[in-house]
Amino acid sequence: MKNQTLPQPGALGVILQHIWNKERPWLAFVMILMALALFDTGQVAPSVAMVISALISIAPFLGASILIAAWAGATGADNLIARAFTGAPAMMIMMGALAGGLSPFCSCGVIPLIAAFLAIGVPLAPVMAFWLASPLMDPAMFVLTTGVLGFEFAIAKTLIAVGMGVLGGTIVHLLIRAGGLTDPLRDDIGNGGCGGAKVRNPKPPVWRFWQDPVRVAKFRTEGVKTFLFLLKWLSLAFLLESLMLAYVPAELVTQALGGNGLAPIAIATLVGVPAYFNGYAALPLIGTLIDQGMQAGAGMAFLIAGGVTSLPAAIAVWALVKFRVFALYIAISLGGAFVTGLMFHAWTLL
């Protein structure tokens with residue numbers, strides 16, 4: 001019997017597969033416009049105009065975010081993260097939370113680093129602190145949050161990110177001391193993959209990266225990659241924002257998520273888990289909801305709950321730790337989001 005090979009996809013198939021895997025935001029953007037063209041032609045031009053106008057209005061903040069991300073990649077600043085996990089438990093928890101909430105690390109680069117931390121024996125408490133804070137804030141996110149929601153909101157979210165990390169790390173540390181959470185890792189966790197080298201043998205950053213042609217090329221590559229990433233997600237977000245303004249009555253938002261009670265914050269916390277799809281794209285949507293009557297505390301709760309439990313972050317936790325640790329991670333995320341939402345709402349009333 002002759003050997004048979006599986007048919008290889010043609011050029012069109014490769015292109016479609018790439019679009020599905022990498023460009024789903026653009027695919028959704030085009031499909032939404034096509035649906036508008038079919039069912040409400042008059043809304044197409046206003047929606048496109050709003051997307052363009054919104055992108056222009058945040059262009060300075062967008063540019064700053066891109067430069068920060070490109071600088072971090074070119075200098076190798078992510079190597080500093082290994083230094084956060086040395087010292088006494090309390091210090092490691094604090095440094096882990098600060099590293100997660102303040103350092104310029106992308107989510108895709110954080111996952112292998114976390115696997116390496118756990119595999120080489122870094123205590124779970126500081127890793128949990130880093131894990132909780134990392135999806136919530138970084139310098140690029142801070143700049144965009146300032147541009148979309150204001151400086152006060154960005155400062156509060158940064159403090160909450162670090163506070164969530166410290167709270168989660170402390171809870172895990174106390175549970176471990178009390179005899180709980182023994183053997184928290186899955187059996188097949190491995191040695192941390194490509195992130196292990198950064199943890200075991202961290203290299204010093206090269207701040208004057210422009211003197212190295214390889215790092216200059218890295219700066220350009222990271223800048224273009226970050227620009228394309230932000231452009232597609234923010235374009236989709238601003239398009240959805242235009243539809244919310246066109247079709248969602250402000251009175252409905254005010255009734256469900258306005259007011260001073262606990263219910264709006266609780267609803268926003270729970271809705272944030274399935275509805276949250278990207279940290280950058282969520283910002284203009286929350287800004288629109290706040291303008292329509294959503295209380296600021298509910299907006300903060302949505303961003304915190306959705307950010308920590310977003311699909312990439314949750315899958316990373318699930319893949320590395322056993323179910324009881326994953327359940328604790330979710331409980332801390334939702335409880336922390338609700339409490340910080342209440343605190344931020346109280347702050348806005350002062």
Practice task
Give the residue that is farthest from G279 (Cα to Cα), with candidates limited to residues of region 208-251 that are part of a loop (DSSP other than H, G, I, E, B) and at pLDDT 85 or above.
Solution key: D212
Exercise for the section: Can you give me the number of residues within region 148-163 that are assigned to a helix (DSSP H, G or I) and over 14 Å from G279 (Cβ atoms)? Expected result: 7
Completion exercise
Picked from region 157-170 (must be under 21 Å from A296 (Cα atoms) and hydrophobic (A, V, I, L, M, F, W, C)), the residue surrounded by the fewest Cβ atoms within 10 Å (Cβ to Cβ) is L159
Fill in the blank from the handout: When R186 is run through (1) of a type in the set (D, E, K, R); (2) out of contact with any strand residue (DSSP E or B) (no Cβ under 9 Å at 6 or more places or on another chain); (3) at pLDDT below 90, the failure sits at (2)
Exercise for the section: Report the residue count in region 1-57 for those that are β-branched (V, I, T) and at pLDDT below 80. Expected result: 4
Exercise for the section: Scan A337, A305, A301, A331 and give me the residue that is closer than 20 Å to I267 by Cα, touching a Gly at 6+ places or on another chain (Cβ under 6 Å), of a type in the set (A, V, I, L, M) and at pLDDT 90 or above. Expected result: A301
Problem - Failed item in (1) in contact with an Asp or Glu (Cβ under 9 Å, 6 or more places away or on another chain); (2) at pLDDT below 85; (3) farther than 25 Å from L167 by Cα, with K322 passing the rest - result: (3)
Completion exercise
Residue pairs within 8 Å by beta carbon, gap of at least six or interchain, first lying in region 129-156 and buried (at least 24 other Cβ atoms within 10 Å of the Cβ), second among the charged types (D, E, K, R), listed first then second, are L136/K157; M137/K157; T145/K157
Practice task
Determine whether F238 is under 14 Å from G63 (Cα atoms) and not small (G, A, S).
Solution key: no
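The values are calculated or read from the model by the stated rules, or taken from the named source; none is laboratory data. Computed from a predicted structure; not experimentally measured. No Cβ is skipped: glycine too gets one built from the backbone with ideal geometry, and neighbour counts run over all protein chains shown.
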